[in-house]
Amino acid sequence: MKKLIIFSLSILAISCTGDFGDVVDFKEIENPNLSEASVVGQPNSASIWLSGLERQLALVFNETLVLSELGSDNYVNTQTFFNQFMDELEIQITDPDMRDTQRQIQRLRELAVFGLDKVGPGDPNYNAATEAEFNYFEALSYLFSAMYFSALPQEPQGPAISSNEHYLRAISILDAAIALNAKPEYHLAQARAHYYLGNKDEAVAAATNALALSANFDRFVLFDAANGPSNTFESALYQRATFDDLQPLPTLDFLDPKYSFLSTSQDAPVHYLKAEEAYLILAEAALADNNITAARTNLNNLLDLIDTREVRNIDDSIEQRTQVDPGSRPDSTIVVVNGREGLVLNRQSGPVDIPSVSGTSLTAEDIAAMQDDDAGLALLYRTRQEVFIAEGLRFVDMGVKLVIDENEILLNENINEGDAGTIAVIPPFIASITSDLDAIEYVSGSETATTVIDLNEILVANKSSNFVVPFE
């Protein structure tokens, strides 16, 4: 295929008149309002560039959240304008969403590197805190590359680098950020990388360091409703019309919509590195060490923290759980789901309270009864699912990976179709149940509903695999 492209370019070159270099040398085109000199060497340019990185992070989340949440068991795509393939994990190199997700992550990396190499050193007001943030954003690009792809290049036209190597690169660069200006989210990002690598002791150390700096930190990405980028995922969770419908599992109904209307100028933020994750990492490590006392302590600390997080009282009467197929989904508080009460809200009877940062059905009684066995581990993974809903982590916990897009395969001489990263990674125990990930059993008007599968139990049953449950 690459040879055909090169041949086609050769024909084009022959058919052109004059100097073909004049046709393709786009570097000669300059925007007089936006040159490198207008940025590099200017006072306060580093802080302005940092604002641009924050904006780029919002664009990254607009791509990763849609694919990862649709690909998980959190939501079913009934009739949205979003990707039509991810619900059953049809992951293809020709899917433009693969291209866009990859490019936004790589653009984040290149913007951060340019800030470190050019913008920061040229700014007379450059400081250690801003340099640390540039390192942090570069590290995030590697962290997201590892979380969502089995392999991606780490430089333009470079070879595909494995997810494990991306995690290690993120850890190394976060070390530089921490040395300059330690923040709890820097340590937590390291803890997450170590967690997915299965480095239990290192993950515990990093999570502990994060909580030592702050027991309730929360790093979030902001969205600009007026000028963009707006929160794409919020559009389907809250500001949807009858043709634009994204529904959560009934077990997660009480947590939806995590993102709802704030103002005409600001969309709801995504909370992507928060103290809750540190407590969950510590609890899971304790379970792996058969230390049920420590696991319970960390989960009780988690509940205490969640009790302090914002809960928004919103009018969600437009929700109409049964827009597509009337009566097909539970929408009343009387409905018991998988034998559990209180998971489904009645949105037609008035405003409802929805956690905007973290929520869970976990109780102190659940924790007291918890044991360091498979049931206890499944309870922890159910809690992870609830706390991180609409944040993109459930997909990663499932062990699924996206693919390098077709354009990269065709244009990068270091990558060929069939190479690592060009084939979707779907654990066999997930691949066999893709049609049931979002499936429920419910009779219209009845008082009970069940999910066809319990994915948390399936994850724990396969804990010895290399795909999931990294501490086992």
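The values are calculated or read from the model by the stated rules, or taken from the named source; none is laboratory data. This is a predicted model, so every value here is computed, not measured. Methodologically, a virtual Cβ is constructed for each residue, glycine included, from the backbone with ideal geometry; neighbour enumeration extends over all protein chains shown. Ligands, DNA and RNA are stripped out before the accessible areas are found, and what is left, the full protein with its side chains, is counted by its heavy atoms. Shrake-Rupley method; radii C 1.70, N 1.55, O 1.52, S 1.80 Å.
Name the single residue that is most open to solvent (accessible area, probe 1.4 Å) among those in segment 424-437 being in a helix (DSSP H, G or I) and touching an Asp or Glu at 6+ places or on another chain (Cβ under 8 Å).
If we take residues in segment 424-437 being in a helix (DSSP H, G or I) and touching an Asp or Glu at 6+ places or on another chain (Cβ under 8 Å), then S435 is most open to solvent (accessible area, probe 1.4 Å).
Please state which of the following conditions T297 fails to meet, knowing it meets all the rest: (1) within 30 Å of M98 (Cα to Cα); (2) among the β-branched types (V, I, T); (3) modelled with pLDDT of 95 or more.
(1)
Look through segment 220-270, keep the residues that are among the hydroxyl-bearing types (S, T, Y) and within 16 Å of the chain's Cα centre (by Cα), and return whichever of them is farthest from N338 (Cα to Cα).
Per the criteria, the residue is T232.
Return the only residue of N199, N231, N209 being polar (S, T, N, Q) and buried (at least 23 other Cβ atoms within 10 Å of the Cβ).
Of the residues listed, the single one that is polar (S, T, N, Q) and buried (at least 23 other Cβ atoms within 10 Å of the Cβ) is N231.
State yes or no: is F471 in a loop (DSSP other than H, G, I, E, B), aromatic (F, W, Y) and either open to solvent by less than 50 Å² (accessible area, probe 1.4 Å) or modelled with pLDDT of 95 or more (or both)?
Criteria met by F471.
Here's the yes/no breakdown for (1) part of a helix (DSSP H, G or I); (2) modelled with pLDDT under 95; (3) surrounded by 15 or more Cβ atoms within 10 Å (Cβ to Cβ):
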residue	(1), (2), (3)
G359	no, no, yes
I389	no, no, yes
R394	yes, no, yes
T422	no, no, yes
E457	yes, no, yes
S465	no, no, no
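Farther than 29 Å from R321 by Cα, touching a Lys or Arg at 6+ places or on another chain (Cβ under 6 Å) and buried (at least 23 other Cβ atoms within 10 Å of the Cβ), is that true of Y142?
yes
All but one of (1) open to solvent by less than 60 Å² (accessible area, probe 1.4 Å); (2) at pLDDT 95 or above; (3) touching an Asp or Glu at 6+ places or on another chain (Cβ under 9 Å) hold for I281; which doesn't?
All conditions pass for I281, except number (3).
Does at least one position in segment 321-344 carry a residue that is in contact (Cβ under 8 Å) with a residue 12 or more places away in the chain, assigned to a loop (DSSP other than H, G, I, E, B), closer than 28 Å to D218 by Cα and among the small types (G, A, S)?
Yes - at least one qualifying residue is present in segment 321-344.
Failed condition for Y126, given (1) touching a residue at least 24 places away in the same chain (Cβ under 8 Å); (2) assigned to a helix (DSSP H, G or I), with all others met?
Failing condition for Y126: (2).
Within segment 262-271, can one find any residue that is part of a helix (DSSP H, G or I) and either over 25 Å from T451 (Cβ atoms) or among the polar types (S, T, N, Q) (or both)?
No, every residue in segment 262-271 fails to be part of a helix (DSSP H, G or I) and either over 25 Å from T451 (Cβ atoms) or among the polar types (S, T, N, Q) (or both).
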